[in-house]
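Reading through the structure tokens given below for one structure.
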Amino acid sequence: MSDELRLLDPDALDRKRTPRARTSIVVPQRWLREGARLEVALAARLKCDACDGGGCDACARSGAFKLPDDRRPISVTLPRVTDDYLAVRVTNPFGDREPTLLIVHVAAGEAPSEGVRWVADNHDVEPTVPGAPARPAMPTAPPWVGWVVTILVAALLGMLAHFLVR
């Protein structure tokens, strides 16, 4: 499996034992229904997702990750969903620095959380993955094929009725 496809495989991301943090945000329900591209300013410390803040090897037993002082808001893309709650995985949110995976829990609410800024709509129906094969086009048949099939079925039913009546 290519690195790009492995990166997008949720199960592969969940199996990784690399340092991963967690944060939660609230966004207007409309953003979840229509999809949105956001910028999210993060707190200085984020809870470790692997141990739920209890301390583990991934977070050096601290239960949290101290983020760099020079951090910038991260980009988060929300898909179109009908649920009022979802989790979005952001890989390498700080480049090569830890945590290497950020789980963003998103919930619907009246107004966005502090530090959450709407950037643009997300109208991507199907995201494209570099190197992934294109989806084949659906085959189409000429309109006359439907008429031919209807006539053949009627003829077969007529013959069947003729033999059953005898």
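Charge dipole (Cα centre; +1 on Lys/Arg Cβ, -1 on Asp/Glu Cβ; no other charges) of region 3-121 amounts to roughly 220 debye.
Out of every Cα pair in region 72-114, what percent are spaced more than 17 Å from each other? Across region 72-114, Cα pairs with separations above 17 Å total 38 percent.
Between residue 80 and residue 120, full extension at 0.36 nm per residue minus the direct alpha carbon distance yields a gain of 13.1 nm.
Laboratory data are not the source of any read-out in this text; all were calculated from the coordinates shown. None of these values were measured; they are calculated from a predicted model. For neighbour counting, all protein chains shown are included, and Cβ atoms are generated from backbone atoms with ideal geometry for every residue, glycine included.
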